Amino acid sequence: MKNVQFTGVFPALVTPLTAQEQLHEETARKLLRFHLRYGVDGFYLCGATGEGPVLPPQTRMALAEVAREETRGKARIIVHVGAVDLRTAVLLAEHAAKIGADAISSVPPFFFHYGEKEIAQYYTALAQASGLPLLLYCSPLSGVNITYEIASRLLEIPGATGVKWTSYDYYTMQRIKLLRGGAVNVLNGPDECLLCGLAMGADGGIGATYNVMPGVFRKLYDAFREGNLQEAQRMQLHANRLIEIIIRFGVQASVKEILARAGYDCGHCLYPMPRLTDEERRRLNDALDAIDYEGEYL
């Protein structure tokens, strides 16, 4: 893993919000400390799970500052700075460097169906603005298909060191990993397939559902690294029982509801993201009771 800087378990942290849709700093600090007790390796901030693309830049910067304060010397932070406009993305990249973040990441520029040239210019500007390692965020959610050929060229940008791979195409992920003699830093995205990603060469994982079962993913990753594939598979299948429920009710909304149940009230998701109805909330909690969430996942 020559030159690979980020390995292990990185929760894609939710952004706790007040009723006025500002950062709930007290809850954010409690949530960060909760994860640190389980020995996570770092945090991925303000990505899709953290609602970054719809949050005001000030809220995104406030969370990054709190996370850096709470994790300094304990865990690493990767700040997702992607935005519709380059000006905002550069502002966030500069701020990440100023507070001492360990890396930045971004989805490709979206909405206007940019070509590879424009995408490369966007990533180059972010890398230059921060001077930090840059992880490309490769996800179908962005609406931009990052192929092996495109990724191989984007990774020639000075400062671009790896990818957050949120796709089930593990063949392409593995080919990207082998670039630079295996030195490309690849972090798996799909939580339900972390073991698949690790088996195909990923250096670790970033995940939404890590928020509500960090210990399970800690055990999964450690078992794989120790060569105990049977235990790693057992942990993946165990995680997938909860993931199946979370997907059924919507990832962002249900993760926030589960955290509230565990004592970390992170507020609602920002509109137009869906929120749970009272009936959905009841059915979600019934499903959690059926698998003994508190007893089996915390």
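Residues of segment 272-286 with the amide nitrogen closer than 20 Å to a label point 7 Å from the Cα of ARG248, along Cα-to-Cβ, please. Residues passing the 20 Å test: 274-286. Across segment 208-223, coupling constants 3J(HN,Hα) worked out from phi with the 6.51/-1.76/1.60 Karplus curve, θ = phi - 60°, read 5, 6, 4, 4, 10, 8, x, x, 5, 6, 4, 5, 4, 4, 5, 5 Hz, and Gly and Pro carry x.
Legend: residues VAL216, VAL54, sorted from most to least accessible area (1.4 Å probe; ligands, DNA and RNA excluded), read VAL54, VAL216. Taking the DSSP beta bridges with both ends in the chain, the antiparallel portion is around 5 percent. Can you tell me which of PRO16, PRO272, PRO57 moves the most in a GNM of the chain? Springs connect C-alpha atoms under 10 Å apart. Answer for the Gaussian network model of the chain: PRO272. Relative to its Kirkwood radius, the Cα radius of gyration of the chain gives an Rg/Rh of 0.94. Surface composition of the chain: carbon and sulfur make up 52 percent of the accessible area, probe 1.4 Å.
Each of HIS24, HIS113 has its accessible area taken with a 1.4 Å probe; listed largest first, they run HIS113, HIS24.
Across segment 267-272, rounded Karplus estimates of 3J(HN,Hα) from the backbone phi angles (6.51 cos²θ - 1.76 cosθ + 1.60, θ = phi - 60°) give x, 8, 6, 6, 5, x Hz, Gly and Pro being marked x. In the elastic network of the chain, a GNM with C-alpha springs shorter than 10 Å, the most mobile of LEU229, LEU198, LEU132 is LEU229.
By residue number, which cysteines of the chain lack any other Cys whose Cβ falls under 4.7 Å from their Cβ? Lacking a cysteine Cβ partner under 4.7 Å: CYS46, CYS138, CYS266, CYS269.
The values are calculated or read from the model by the stated rules, or taken from the named source; none is laboratory data. Quick caveat, the model's predicted, so the values are computed rather than measured. Every residue, glycine among them, receives a Cβ derived from its backbone with ideal geometry; neighbour counts consider all protein chains shown. All accessible areas refer to the heavy atoms of the entire protein, side chains included, with ligands and DNA or RNA removed. Shrake-Rupley method; radii C 1.70, N 1.55, O 1.52, S 1.80 Å.
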